[in-house]
Amino acid sequence: MRERWIAAAAGIGCAAVAVATGSLVALATGRATSPVVAVGAAVVDVTPEPVKDFAIRMFGEADKAALLIGIGVLLVLIAAGIGLLAQRRPWPGYIGLASFGLLGAVAAWGRPGAQWWWALPSLVGALAAAGALWFLLRRPLDADPEDSVRLPPGRRVDRRGVLFAFAAAGAAGVAGVGLSGRDGVSEARAAIRLPAPASPGPAGTGLDIPGLTPYITPKADFYRVDTALVIPRLHPEDYVLEIGGRVARPLRLSYADLLDRPLIEREITLSCVSNQVGGDLAGNAAWLGVPLADLLDEARPESGADQVVGHSADGWTCGTPTAVCRDGRDAMLAVGMNGEPLPLERGFPVRMIVPGLYGYVSATKWLVRLELSSFDDFDPYWVRRDWAAEAPVKTFSRIDTPKPLSTVGGGEATVAGVAWAQHRGIAEVEVRVDEGAWQTAELAPVVSADTWRQWRWRWTGITPGRHTLQVRATDNTGQTQPEERVPPFPDGATGRHSVVITAS
Ligand SMILES: Nc1nc2c(c(=O)[nH]1)N[C@H]1C(S)=C(S)[C@@H](COP(=O)(O)O)O[C@H]1N2
Ligand SMILES: [Mo]
C-alpha cells in the first residue's frame with residue numbers, strides 16, 4: 001500500500017517538475033503560454049456552447065479559475081497513474097510523460113498566431129519530467145528500504161527522491177513567480193500620464209439611493225467577460241496598432257501616436273449579450289479615447305469593406321459594421337477608463353468601445369489590429385460559435401431595490417433601478433405592483449443616449465402580504481420592452497424583470 005503511495009507521489013512530482021519548468025520557459029520566452037494555460041485555452045475554444053454557458057452560470061466570473069483547477073486535478077490524477085505504471089516498468093512512465101508534452105505542444109500550436117517556439121514550454125517541461133523520473137528510478141539501493149518502492153530490475157523509488165523532485169518543482173515555480181513580475185507592464189502603466197481630452201463630455205450625476213447601482217461603475221465592480229485565461233500583458237512602449245485589410249492606406253500607430261491625437265471623453269454604458277433579464281453584466285464608465293471614425297477616414301476603407309474586425313493580442317476577434325463606426329456616434333479606441341489608463345483586465349493599453357452594440361461585436365480588449373473586411377468574408381470568434389453577426393443592444397430595465405424576497409415595512413418604499421438602451425436612449429420607465437396599472441417612474445438626468453438611466457418610484461399605501469414588482473422601459477424610438485422572454489442566445493435576452501417581496 002505504502003509503496004503505491006510513494007509511486008503515485010513520484011508521478012505527481014514529475015508532473016510538478018514538468019508544469020513548473022514549462023511555465024518558467026514560457027515566462028522566459030515572453031509570449032508563449034504555460035502548458036496548463038495552453039491546454040486550458042484549447043479546452044475553452046472547443047467546449048460546446050451549452051457547456052460553456054453552464055460553466056458561466058455555475059461559476060460566474062470564477063469560471064476560468066474553475067477550469068484551471070479542473071485541469072490541475074485531472075493532471076494530478078493522470079500523473080499519479082503514470083507513477084504507478086512506472087513502478088512496474090519504466091517505459092510506460094516515459095511514454096505517459098511524452099504524451100503530456102505532445103498534448104501541451106499541440107494545444108500551444110493551435111493558439112491563434114502561434115509561432116513554432118510556442119511548443120517549447122511543453123516540450124522542455126516534458127523533458128525535465130522525464131529527467132526527474134530517470135533520477136527517481138536510479139536512486140541507489142542504500143536508501144531507507146522502509147520508505148522505498150522496490151522495482152523489478154533491482155531499483156527503487158524512495159521518499160527522499162520524491163521530496164527532491166517536489167523541491168525542484170518548487171524552486172522552478174519560485175523562479176517563475178520572480179520572472180513574472182519583471183515584464184515592467186504594471187510599472188509602465190502606473191507611469192502613464194493621460195492627456196486631457198480635447199473634447200470632454202458632459203458628466204452625469206446620479207441618484208444616491210441605498211441599494212441602487214451607482215451611475216458610474218467603479219472599475220472593481222465593472223463586470224468582466226472575456227476568453228483570456230491569463231490577461232495579455234502588452235507593454236505600451238512596444239505597442240503597435242495596425243489598421244489594414246481592405247483599405248487604401250494602411251496605418252501603423254504606436255501608443256504615443258494614439259495619445260498625441262485629439263482625444264474625446266464620453267460616458268458610455270457597456271453591456272454583454274449574455275446578460276439575463278435582471279442580470280448585472282453591464283457597467284457605465286467614462287472612456288477616454290481616439291475617435292475611430294477619424295482613423296478609418298485616414299485609412300480609407302474600400303467600398304465593400306462593411307466589417308471592421310478587431311484582433312486581440314490573444315487571437316480573439318470581433319466584428320463591427322463599418323457604417324456604425326462612421327455614423328457619428330462616439331465609437332473610439334479607448335486608452336482611459338474613469339480617469340486612469342485602462343486597467344490590464346480591461347484591455348490595456350487599447351480597447352474598442354462602440355455605444356449601442358453588445359461587447360462581443362464592438363469592444364475588443366488588448367486590441368492590436370483593425371482589419372477592414374466584409375461580413376461575407378470573415379466570421380469572428382463568437383459568430384463562428386453561432387452568435388449573431390450584428391447585435392445592437394436590446395432595451396433593459398432592472399429593479400435594484402427592494403431586493404428579491406426582502407421584507408418592506410411601514411407601508412412605503414422606494415423602488416429604484418437602472419434602465420439602458422444605448423444610443424437610442426431611455427424615454428420612460430414604468431413600474432407596476434402585482435397586476436395593477438403601470439406607474440411612471442422618475443428618471444435621473446442623463447448626458448447622452450449612450451448611458452444607462454437610474455430611475456426611482458415612490459411606492460405608498462403598501463398592503464401587508466406578498467407583492468410582485470415589475471418594470472419595463474421604453475426607448476426614445478418609442479419601443480417598449482417586450483414581455484416575451486427570450487434567452488441571450490443568439491442576439492440578446494428580452495423580457496421584463498420582476499421582484500417578489502413581502503410587506504409587513
Ligand atoms: N480580447 C477580448 N476582448 C473582448 C472579449 C474577449 O473575450 N477578448 N470579450 C468581449 C465581451 S463578450 C464583452 S461583453 C466585453 C466585456 O468587457 P469588460 O470585461 O471590460 O466588461 O469585452 C469584449 N472584448
Ligand atoms: Mo459579452
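Observations on the structure shown:
- Region 396-503 shape via C-alpha gyration tensor axes, a/c threshold 1.5: prolate
- Here's the list of lysines a cross-link from LYS64 could span, going by alpha-carbon distance under 27 Å and ignoring same-chain residues fewer than 8 apart: LYS52, LYS219, LYS365.
- Amide proton proximity set for GLN307, modelled H, under 5 Å, gap of 5+: THR322, SER373, SER374, PHE375
- Karplus-derived 3J(HN,Hα), 6.51/-1.76/1.60, for each residue of region 229-236, Hz, glycine and proline x: 6, 10, 5, x, 10, 9, 7, x
- Straight-line cross-link reach from LYS394 at under 16 Å between alpha-carbon atoms covers these aspartates and glutamates, not counting any fewer than eight positions away in the same chain: ASP280, GLU428, ASP450, ASP475, GLU483, GLU484, ASP491.
- Karplus-derived HN-Hα couplings along region 184-192 (A = 6.51, B = -1.76, C = 1.60, θ = phi - 60°), whole Hz, x at Gly and Pro: x, 5, 5, 5, 4, 5, 5, 7, 6
- Listed peptides 484-490, 233-239 by packing density, highest first (mean Cβ within 10 Å): 233-239, 484-490
- Scoring 21-28, 433-440 by mean Cβ neighbours within 10 Å over their residues and listing the highest first yields 21-28, 433-440.
- Folded to 0 to 90 degrees: helix 35-46 orientation relative to the chain principal axis, Cα: 50 degrees
- Dipole of the chain computed with +1 at Lys/Arg Cβ and -1 at Asp/Glu Cβ about the Cα centre; of SER312, ALA198, LEU372, farthest Cα towards the positive end is SER312.
- Rolling a 1.4 angstrom probe over the protein heavy atoms with all chains in place gives the chain an accessible area of 45 Å² per residue.
- Net charge dipole, region 199-385: roughly 180 debye, given to the nearest 20, about the Cα centre with Cβ charges of +1 for Lys and Arg and -1 for Asp and Glu.
- Residues whose amide H falls under 5 Å from that of TRP316, counting only those 5 or more places apart or on a different chain, are absent, with hydrogens built in the peptide plane.
- Helix 159-180 vs. the chain, principal-axis angle (Cα, 0 to 90°, nearest 10): 40 degrees
- Of the peptides 81-88, 351-358, the order by per-residue mean of other Cβ atoms within 10 Å, starting with the highest, comes out as 351-358, 81-88.
- 3J(HN,Hα) from dihedral phi, region 255-266, Karplus parametrisation 6.51/-1.76/1.60, rounded to Hz, x for glycine, proline: 4, 5, 4, 5, 5, 6, 7, x, 9, 10, 10, 9
- Close amide H pairs (under 5 Å, H built 1.01 Å from N) link GLY425 with ASN476, residues at least 5 positions away or on another chain.
- Using Cβ point charges alone (K and R +1, D and E -1), the dipole size of the chain about the Cα centre works out to roughly 1860 debye.
- The helix-based estimate of mean residue ellipticity at 222 nm for the chain, built from -39,500 (n - 2.57) per DSSP H run of four or more residues and divided by its residue count, is -10500 deg cm²/dmol to the nearest 500.
The values are calculated or read from the model by the stated rules, or taken from the named source; none is laboratory data. As the structure is a computational prediction, the values presented were derived from the model and not from experiment. No Cβ is skipped: glycine too gets one built from the backbone with ideal geometry, and neighbour counts run over all protein chains shown. We work out accessible area using only protein heavy atoms, side chains counted, and drop any ligands, DNA or RNA first. Shrake-Rupley method; radii C 1.70, N 1.55, O 1.52, S 1.80 Å.
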